[in-house]
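So the structure is just underneath, and the comments pick up after that.
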Amino acid sequence: MNAAELRKQFPILDQQVNGKPLVYLDSAATSQKPVRVIEALKAYYEQDNSNVHRGVHTLGTRATDAYEGAREKLARFINARSASEIIFTRGTTTALNIVASCYARAVCGEGDEIVLTPMEHHSNLIPWQQAAKATGATLKYIPLQPDGTISLEDVEATITSRTKVVSVMYVSNVLGVVNPVKEIAAIAHKHGAVMVVDGAQSTPQRKVDVQDLDCDFYALSGHKMCGPTGIGALYGKKALLEKMEPHEFGGEMIDHVDLYESTWKELPWKFEAGTPIIAGAIGLGAAVDFLQEIGMDAIQQHEEQLAAYAYDNLSEIEGVAIYGPKEHRVGLVTFNLDDVHPHDVATVLDAEGIAIRAGHHCCQPLMRWLNVSSTARASFYMYNTEEEIDHLAKALIKTKEYFGHAIG
Ligand code: 7TS
């Protein structure tokens, strides 16, 4: 994979910010979009725009075919058994909320357990807190090892016969770890619990096979994997989705409507009330084509290479503390620089044209576990180069000198 060539397909990267070439190191927040995705959205609005599943006219048929075609592509991409197991949502957050509202609230009762980890993104935490409050279930946490990884002995010790749901992120947006979700799913199933995987960070970075993981639900966001904002998906095993009540009601999701009673469409449409996210889904379909052409293994390898390079270079800078394990790291490095506030670090880097994220990364409990209030984070994607990481390292040294003088 040639990142220098590939980045030419991302028009946004070819610009100056504050008089310096843009170095975009915030892809874990949202990835940039290739021409192919932008063109797919443009072509849809210029040629096919129409509502789906209702019109018999030509544009309606084209829009429906493109929308359902995108679902097929995504189903193949994550190896779902069938496209009917793919529900288009606004993103990972909505997908996880659907599982917490429509599955967990229906199956959990007093004394039942929902198992999470302390590294979860708020999107995979608060919906479960709400479900626990509503049902009387208890939240339990698999503890973290000192380096931020999860041990399977701890998983075994936490999940019990009272556990109804286990929900874990595949890849951490802060620690850069890859969690053993396949092994956790096997332990969850042994106890009769379902396994939910937050795939927001994993789907852009590695080959995902929901059948191999044997997870029951899997949530993803299109905007982190070269697709547009406002589109994502929930994968669910058919037998489970069929038993669940919809989370929203209205047009599109019904079969038969009477004044006092109604029935729902079959999967996946019973979970897609109202005019769906047509353009977004088509854009996501184009993103899937793009990722598949490059190859997920090549993307993963490139990211791991950049992460190792960044880890080595940044850890050589005195005063830089990096969080999470050194080995088996995905394409991001979360760090702090001496006592400089991460927002100040990000502001100085922005003046150098470098975009990183600073804050709690929607992981406040994890920040407390790390004993920090916030951190800086540089995250990489297929279009980033080692040269950009050199720029980051140089700019961090400059930041350190600047604040060293300011404080000293
Ligand atoms: N889960 C994880 C692991 C995430 O990293 C994110 C977004 C979400 C869920 C929520 O995804 P959404 O598309 O529904 O918003 N993470 C980040 C981040 O790390 N920086 O900005 C957003």
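For the reader, a short list of remarks on this structure follows.
- Legend: distances between Cα atoms for K237/K326; K8/K224; K237/K270; pairs beyond 26 Å are K237/K326.
- 0 to 90° range, to nearest 10: angle between helix 278-294 axis and the chain longest Cα axis: 60 degrees
- Expressed to the nearest 5 percent, the antiparallel share of DSSP beta bridges inside the chain is 60 percent.
- Here the accessible area of region 1-115 is 50 percent carbon and sulfur, with a 1.4 angstrom probe and all protein chains present.
- For the peptides 343-353, 83-93, the ranking by mean Cβ contacts within 10 Å, running from highest to lowest, is 83-93, 343-353.
- Measuring nothing but protein heavy atoms, the accessible surface of region 122-221 at 1.4 Å probe radius is 51 percent carbon and sulfur.
- Modelled label positions at T229 and Q364, each set 7 Å beyond Cα in the direction of Cβ, lie 2.3 nm from each other.
- Linear extension gain, Q47 paired with E401, 0.36 nm per residue minus alpha-carbon span: 122.0 nm
- Local electrostatic count, G69, Cβ distance below 13 Å [Lys/Arg +1, Asp/Glu -1]: -1
- Crossing angle, helix 126-135 versus the chain [Cα axis fit, 0-90 degrees, rounded to tens]: 40 degrees
- Dipole in debye (nearest 20) - the chain, about Cα centre, beta carbon charges: Lys, Arg +1; Asp, Glu -1: 540 debye
- Seen from D112, the other residues with C-beta closer than 12 Å to its C-beta sum to a net charge of +2, counting Lys and Arg as +1 and Asp and Glu as -1.
- Helix 58-77 and the longest principal axis of the C-alpha atoms of the chain enclose an angle of approximately 60°.
- Per-residue [θ]222 nm for the chain (sum of -39500 (n - 2.57) over DSSP H runs n ≥ 4, rounded to 500): -11500 deg cm²/dmol
- Sulfur and carbon atoms: percent of accessible area, region 289-357 [1.4 Å]: 42 percent
- Using θ = phi - 60° and Karplus 6.51 cos²θ - 1.76 cosθ + 1.60, couplings along region 44-50 (whole Hz; Gly, Pro as x): 4, 6, 7, 10, 10, 3, 5
- Three-way shape label, region 1-68, alpha-carbon gyration tensor, a/c 1.5: prolate
- Neighbours of I354, meaning other residues whose beta-carbon lies under 13 angstrom from its beta-carbon, give a summed charge of -1 when Lys and Arg score +1 and Asp and Glu score -1.
- Excluding ligands, DNA and RNA, the accessible surface per residue across the chain is 42 Å² with a 1.4 Å probe.
The values are calculated or read from the model by the stated rules, or taken from the named source; none is laboratory data. Just so it is clear, the model here is predicted, and its values are computed rather than measured. When we count neighbours, we look across all protein chains shown, and the Cβ atoms used for this are built from the backbone with ideal geometry, even at glycine. Heavy atoms of the whole protein, side chains included, go into the accessibility calculation; ligands, DNA and RNA do not. Shrake-Rupley method; radii C 1.70, N 1.55, O 1.52, S 1.80 Å.
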